[in-house]
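Worksheet: one structure, shown below.
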Amino acid sequence: MSESPSATVTVSEIVTALETAYPPELAESWDAVGLVCGDPAEPVRRVLVCVDVVQATVEEAIEFGAQLIVAHHPLLLRGVHGVPADTTKGRLIHRLIRAGVALYCAHTNADSASPGVSDALAEAIGLRVLAPLSPHASAEHGATGIGRIAELPAPEPFSAFVSRVAGALPATGPGVLGAGDPDRPIRTVAVSGGSGDSYLGAATAAGVDAYVTADLRHHPAGEHLESVAEVPALVGVTHWASEWPWCGQASTVIEVATAGTVEVHISTRSTDPWNFRAG
């Protein structure tokens with residue numbers, strides 16, 4: 001890609017850079033990743049990076065003058081037979097096309113890539129990554145997979161660690177929750193961006209002191225904590241907050257690939273459904 005400031009960067013060139021960083025073959029079989037709408041040959045001067053494609057982020061992209069949205073969550077995850085404008089997702093597709101904004105989504109391929117979503121989460125918290133939590137089946141060198149096992153520079157009480165996580169991630173209505181002995185020393189940590197209670201067993205098997213993830217459900221979390229064996233303390237964050245650090249990572253991928261000729265904006269609009277709490 002040319003480094004000339006006057007060079008024209010296309011949608012397809014940015015897609016190539018993103019798919020080099022987040023190979024589509026790393027995506028789960030049920031996932032839907034790639035270019036959702038837009039002309040691969042269209043020029044791109046501005047890109048908006050976000051976690052969710054919703055009305056707020058679509059309007060933000062249009063206000064920014066973006067020609068491309070790069071999102072983590074797929075807009076059309078399940079098969080559809082139409083996108084009429086009187087449906088929620090159809091309305092967004094129509095808005096994007098009318099405004100000339102392409103949409104690209106990198107989901108579980110960005111989760112498994114190295115570096116990927118959980119690397120960004122670990123880095124934000126101040127952890128050093130050691131290995132994947134659940135290695136990818138086809139990984140040649142064991143570096144890719146869901147979640148990460150990591151460590152702190154030095155042990156700290158669980159209460160201090162929960163405060164560390166809260167301070168590292170964007171504020172949300174529900175906030176950050178901790179489950180465990182506040183005085184327990186924490187050194188090794190597992191992290192998994194997004195919904196991660198299906199990896200509670202993997203975190204326990206890894207022998208870490210704490211596990212940070214989103215969408216922890218009542219029964220799996222409760223059964224985990226009631227185990228007769230020593231298990232990791234739990235830190236529950238919101239889904240959006242756990243994956244938002246990836247936006248900075250993806251932004252860097254685009255900026256490096258385009259030699260700074262494309263302006264990238266990271267959305268800070270929280271797209272968590274829960275926006276306030278009582279009490």
Quiz item: Fewest first, what order do Trp244, Trp30, Trp274 take by the number of other Cβ atoms within 10 Å?
Solution: Trp30, Trp274, Trp244
Quiz item: Amide H neighbours of Val264 under 5 Å, counting only residues 5+ apart in sequence or on other chains, H built in-plane at 1.01 Å?
Solution: Val47
Exercise. Report the antiparallel proportion of the DSSP beta bridges in the chain as a percent, rounded to a multiple of 5.
Key: 45
Self-check item: Neighbourhood net charge (10 Å Cβ-Cβ; Lys/Arg +1, Asp/Glu -1) for Val44
Solution: -1
Quiz item: Taking K and R as +1 and D and E as -1, what net charge do the other residues with C-beta under 15 Å from the C-beta of Thr271 add up to?
Solution: -4
Self-check item: Within region 189-279, GluC sites (Glu not before Pro) in DSSP loop having at most 13 other beta-carbon neighbours inside 10 Å
Solution: Glu226, Glu230
Quiz prompt | Neighbour net charge for His218 - beta-carbon separation under 15 angstrom, K R +1, D E -1 | solution = -3
Quiz prompt | Helical contribution to [θ] at 222 nm, DSSP H n ≥ 4, -39,500 (n - 2.57), averaged over the chain, rounded to 500 | solution = -9000 deg cm²/dmol
Quiz item: What order do you get for His239, His224, His81 when you list them from fewest to most C-beta neighbours inside 10 Å?
Solution: His81, His224, His239
Quiz item: What base-10 log of the normalised intensity I(q)/I(0) is obtained for the chain from the Debye formula, alpha carbons as equal point scatterers, at q = 0.13, 0.15 Å⁻¹?
Solution: -0.88, -1.11
Self-check item: For region 111-242: rounded, prolate or oblate by the Cα gyration tensor [a/c cutoff 1.5]
Solution: rounded
Exercise. Would you grab the residues whose amide H sits under 5 Å from the one on Cys37? Only those 5+ places off in sequence or on another chain, please, with H modelled 1.01 Å from N.
Key: Leu103
Exercise. Would you mind putting 189-202, 82-95 in packing order, based on average other-beta-carbon counts within 10 Å, highest first?
Key: 189-202, 82-95
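Taken together, the values in this text are just the output of simple stated rules run on the coordinates, not laboratory data. Nothing here was measured: the structure is a model prediction, and the numbers come from that model. With ideal geometry, Cβ positions are generated from the backbone for all residues, glycine too; neighbour counts draw on all protein chains shown.
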